[in-house]
1. Out of the residues in region C:83-115 that are in a loop (DSSP other than H, G, I, E, B) and more than 9 Å from chain A (Cβ to nearest Cβ), which is modelled with the lowest pLDDT?
2. Being open to solvent by 10 Å² or more (accessible area, probe 1.4 Å), within 12 Å of chain B (Cβ to nearest Cβ) and part of a helix (DSSP H, G or I) narrows it down to one of C:ALA255, C:ALA219, so name that one.
3. Please find, among B:VAL200, B:VAL257, the residue that is farther than 26 Å from B:ASP303 by Cβ and either within 27 Å of the chain's Cα centre (by Cα) or of a type in the set (D, E, K, R) (or both).
4. Which members of region C:58-82 meet the condition of being surrounded by 17 or more Cβ atoms within 10 Å (Cβ to Cβ), more than 14 Å from chain A (Cβ to nearest Cβ) and among the aliphatic types (A, V, I, L, M)?
5. Of the numbered conditions (1) hydrophobic (A, V, I, L, M, F, W, C); (2) in contact with a Ser or Thr (Cβ under 9 Å, 6 or more places away or on another chain); (3) not in a strand (DSSP E or B), B:LEU172 fails exactly one; give the number of that condition.
6. In this structure, is C:VAL51 more than 7 Å from every other protein chain (Cβ to nearest Cβ), over 30 Å from B:PRO38 (Cα atoms) and surrounded by fewer than 23 Cβ atoms within 10 Å (Cβ to Cβ)?
7. Exactly one of these conditions fails for A:HIS535: (1) in a loop (DSSP other than H, G, I, E, B); (2) modelled with pLDDT of 90 or more. Give me its number.
8. Scan A:ALA28, A:ALA24, A:ALA41, A:ALA47 and give me the residue that is closer than 21 Å to A:TRP306 by Cα and either at pLDDT below 90 or surrounded by fewer than 22 Cβ atoms within 10 Å (Cβ to Cβ) (or both).
Amino acid sequence: MHTASSRKNILIAGGVAALAVLGAAVVAPSDGYYLNIMMQAATYTIAVAGLVIVLGYCGQIALCQAAFLGIGAYCVALGTVDYGLPFFVALAIGVVVSGVTGIFLGFATLRLGGHYLAMVTIGFQMIVTMVLTNWIGFTHGPDGIPGIPRPSLGLVDLKGGSVYLGLCLVVLVAVTVYAALLKQSRLGRAMQAVRDNEIAASTCGINIFRTKTVAFGICAALGGLGGGLFAGAFSYISPDQFTFNEAIVLLTMALLGGVESAIGAVIGTILLVLLPEWLRFLRQAYLAVYGGAVIAIMIFMPRGVWGLVVGRFVKSRPLSDDATAPLPLLARTGEVSDTIVLDVTGLAKHFGGLKAVDGVDLAVRKGSVHALIGPNGSGKTTMLNVITGLYVATAGRVRLGGRDITELPPHDRNRLGMCRTYQNIRVFRGLTVLENVVIGAERAGNDVSGTDATVERAIAALDFVGLRQVAHLPVGDLPYGHQRYVEIARALAGSPEILLLDEPAAGLNLTEKGEMAALLKRLKGHGTTIVIIDHDMRLIEKVADHITVLNFGRRIADGDPRSVFKHPEVVAAYLGEARHEAA
Amino acid sequence: MHFTRRSAVGLGIAALATAPMGIAFAADEGIKIGMTVPMTGPGAEIGHLQTEGAKIGIDKINAAGGVLGKKLELIVEDDQTTNPGIVLAFSRLVNRGDLVAILSSLRSTQVNAISGDARKAGLPVFFGGTDPTLTNTGNPWFFRARPNDVFSAKVIADFGVNQLKKQKWALLHSTDAFGTNGVKALIEQLKPLGVTPVLVQGFNNGQADLTPVVLAVRQSGADIIATYTPFENDVGVLARQLKQFGVQATWIGSASVASTTAMQLAGPALYGTYAVADFNAEANPQAKAYFAEFSKKVGRAPDYSSAWAYDSILLIAEAIKQAGGTAPDKVRAALLAIKDFQGAEGAYTFDQNGDGLRSYNVVKNDGGKIVFVRHIAFDK
Amino acid sequence: MSMLPQLLFTGVSIGSIYALVALGFVLLIRSANIVNFAQGEFSMMGAYFMVILFAGLGLPYALALVLAVVLMTVFGVAFAWITYWPLRDRGQVPVIISTIGASILLANLILATYGPSPQVLPGLFDGTGFLVGNVFMDSQYLSIIVITVVLVALQYLVFEKTMVGKKLQATSQDREMAALLGIPVVAMIFGTFAYSAALGGLAGILVAPILYVSVGIGAMIGVKAFAANIIGGFGSIPGAICGGFIIGIVETLGAAYISVPYKDAFAFVMLIVVLLVRPQGLFGERIAEKA
């Protein structure tokens, strides 16, 4: 399978690279300058790889990587010099302490938007520098800590410069491999989904807060790892090596190289370690060039050097035509039953004085296609947002399969089998079509798990909507209508108990609308419950078993299509709207 | 997947890109002395002065025919004002393999950063960092061309207690390495004189307001304030607020108190204050000559940032002459044998730790003019 | 304690500076949803414009002040044009990073031009201050408080009572809707940048006689102003002002009674506590929902 083999490739390449760098490090001339510059680059890169994960994968701005570098370095320095711990024990402590600190910080701030993390991390960075400087009894204060020893590993002595550099490089390769594997793992995809669209991620079953916190924790732990190795490399550390300015330099390294993969971290770090050598003619102005470079990179090269290379030279291949088992939910048969699967009672959502939804009841029968219609502003989408947990209900209850889910967050509702699409398309733009749909297949409550099975399920879903041929493309390259199908495939890959479609035909042309109707018809009658919002009455007529009509946030009619369309209030509401639109 | 194979390639390229940087130059006739200075970053201005000081020393020696018939040559590397930067710059210099000695940093933390490499390099390494502990690590190649902070503290304590007759001391300092160690040394030096400070207070550099500190000084009832702060703006804020809150105590501080910038910032608020400085043009004839030479060449008055570099060059030249060659161990032995060599900063006699100077100058701000008060030297 | 009134006076004055910068900050958040990490550098630029005009060209103080503020509005527009405009459609993160880049660029350009030595700027008044009871009233501190109060009042009037203010508010609440209503959204956003830069610059000029003019002048003020915003309530104007005063007072009292070296940490500790306990800030509404 596609992903399994690529994982194997990563591991093989990593193994080869590890041997190569180890060999290179031992054989290469061990003069001081070369060793120093390589050790500096290697240890910094490990920390920068952390930034790649938190910023590049997860889209969160952390401005305190130098603090984590410092925590790792101080754990190693204090552990070995003051407390006589073995190097690797102290290093492990450093990684754990920075990781846990990162998780705590993330816990405090990541429920909120990205700028909160940016701000809190600046504050944290400054506090760490202050503590390192002022807590003289523990940290040795501004003098720093000299004489940090390098380790021995069993019988192998790692004290020599080349051997120690070898150690740093092997760790670096391991971190790079880890970052590459992470990117293709479920967690890595979740991070990227959070980066690209938090709302869609949450309704795809991703716990946004936990994902971000974990990403930040990993970032911090890698900072600690890099810092610990840095301490051993240079045998002396002091607080002024771990200040806010260094944090900015590390961030610039990540951005310059490209935040999409750890290779970017390697490139960016090497460039910025060498750059001061090349930019020497600029004298005092070279930090200004850093600043200018950051702006220029954001504007002209948002994917960094490595992103540029990948974008130009690496073309992904289309999937093979190997047959895949069709979506299992299509194999099921099931008529509309009388069991109520989604039961909404007295639901209200008020925004300040505006009563967007005001005491609506909704009973959706298992296996039915239930349409929710009404004029613009009647509260349909708000209703869907409350049902899926994006909005907190002002009043009323929502029950799914008899269970009260009113208080549950979106990702927990998704686990119970609730999948949805959006009126304004919400796909994960940084990912391929296939990856988008795999995220849907990875829903916690799905009947498949594991990379191969979920990929297979995703391909089946793409087959169903007819997008297999473009599965390898970035989703943003697809035309608008096809992106809607990606959303539907993403929802279907999760084998939902109940599928909520918010205006699936909006923005489609006539032919596409016909195709959409055909697709919905194919979905019907297999036991999957569908709630659909749309303005296209012909579409609704073709597919709906049951219709609920909203107007001004209240339910004005409910029943089978024929009776509802005759309902005088419905006629008035739609005529009223028609008149309004004509005006 | 393609890009991990590239990761190996990427690392390989990295190795290639960095490996051959230290190409050695073909040796020519001159005697080469290396120097790391901040050419970029926040210390660039001081780095410029330091380079000029060393160049004046080189020119002076060469104008007199060089050493052992050879000209001196200065090789400068940028330390970026950072610790990793000086580690790289220093190892580049060492890698050349053709240097006789190296001048490194004024900043104690940077000297610490290269301490390990300096021990391995096997060359005399001169530096200007004043943290007393730098020369306590038993590194035989370290030579300090400035008096360390034990002596500035000694001078402040001696002058304050014995000349000014003050007993109630308030010690204020920056929380950086300079300030913290300076005050630590001062507390030690006050002890034998029977003084325990009534207040010891640190603050971060760059504060907009020091009201809490100044109020604490006022409450402590101190009759003398001693400060260790490297930056002029802190001196300025402190001076203004001490005046505003009516603190009458005498003020004696580290060199920044008498710097031109601080006097510009604080104006009359600094009148009547004392400061200790390792370089002062009035202290001796060499200092006077250096002052004139530097002012002519650079267009501004020299200070501690360049005088030690000038002296270091003269010391190295003298040691080569005495040793009759450039073999590092011979030069080192010659340096240790030098007695009372008059430089711009004072008379150098290196002890076994590599500390060459044990004297400071006390100056006073007399209505906006710095006047030389006295030169205080110690035997040990 | 006899120290308390003096400390409160100091805290309020320093807090005024934070509040003034925070105000410029919050306006950008409200009008364009931009978190500007170079806000502190606006203060630095204002002070250096003043150095050029007053100390360099020798203009009269009042004229130099007015010119410097005018230059800051131009600077604000240029800043927006370079760091914000090309990235306006790419979400919040790229703009944040680009403003971080701008802050490094500006600080180091100034450093390369003027070097690290601080410059001197005089205050609005010649006298250093006077005693009221046992509280010393520094004249510059007093002028900072007065100017901040006046500006906050003016801004309140402009925002709540004039058409321009209402248009700005409409722009911040729903840009597309505002555009449909014929409000020149682009001009509004650039205008906010100009005004925000002018406020920041003015804060820099006011603080210059106290802190002196150096490159570092902007960094700490900017960060504290940001903290003030979050403590007060993100995007809330009264919150930004109160947050500024709170930080000023807390850090001054904290320095006097707890620890001087950790003075700069109090704002951030408070920030983290506020985020844990009351993430919407002291004056903020609930974190806005959107889908």
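The values are calculated or read from the model by the stated rules, or taken from the named source; none is laboratory data. Just so we're clear, the structure is a prediction, and the values are computed from it rather than from any experiment. Here the Cβ is made from the backbone with ideal geometry for all residues, glycine too, and neighbour counts use every protein chain on show. Surface accessibility is based on the protein's heavy atoms, side chains included, excluding ligands, DNA and RNA. Shrake-Rupley method; radii C 1.70, N 1.55, O 1.52, S 1.80 Å.
1. Applying the first criterion (in a loop (DSSP other than H, G, I, E, B)) to region C:83-115 yields C:88-91, C:115.
Next cut, more than 9 Å from chain A (Cβ to nearest Cβ) only: C:88-89.
Values: C:ARG88: 83, C:ASP89: 80.
Once the filter is applied, the top-ranked residue is C:ASP89.
2. Values: C:ALA255 fails: open to solvent by 10 Å² or more (accessible area, probe 1.4 Å).
Among C:ALA255, C:ALA219, only C:ALA219 is open to solvent by 10 Å² or more (accessible area, probe 1.4 Å), within 12 Å of chain B (Cβ to nearest Cβ) and part of a helix (DSSP H, G or I).
3. Details: B:VAL257 fails: farther than 26 Å from B:ASP303 by Cβ.
Going through B:VAL200, B:VAL257 in turn, the sole match is B:VAL200.
4. Selection gives C:LEU59, C:ALA64, C:LEU65, C:LEU67, C:ALA68, C:VAL69, C:LEU71, C:MET72.
5. Status for B:LEU172: all satisfied but (3).
6. On the way: more than 7 Å from every other protein chain (Cβ to nearest Cβ): yes; over 30 Å from B:PRO38 (Cα atoms): no; surrounded by fewer than 23 Cβ atoms within 10 Å (Cβ to Cβ): yes.
For C:VAL51, the condition - more than 7 Å from every other protein chain (Cβ to nearest Cβ), over 30 Å from B:PRO38 (Cα atoms) and surrounded by fewer than 23 Cβ atoms within 10 Å (Cβ to Cβ) - is not met.
7. Exception for A:HIS535: condition (2).
8. Numbers: A:ALA28 fails: closer than 21 Å to A:TRP306 by Cα; A:ALA24 fails: closer than 21 Å to A:TRP306 by Cα; A:ALA47 fails: either at pLDDT below 90 or surrounded by fewer than 22 Cβ atoms within 10 Å (Cβ to Cβ) (or both).
After applying the criteria, what remains is A:ALA41.
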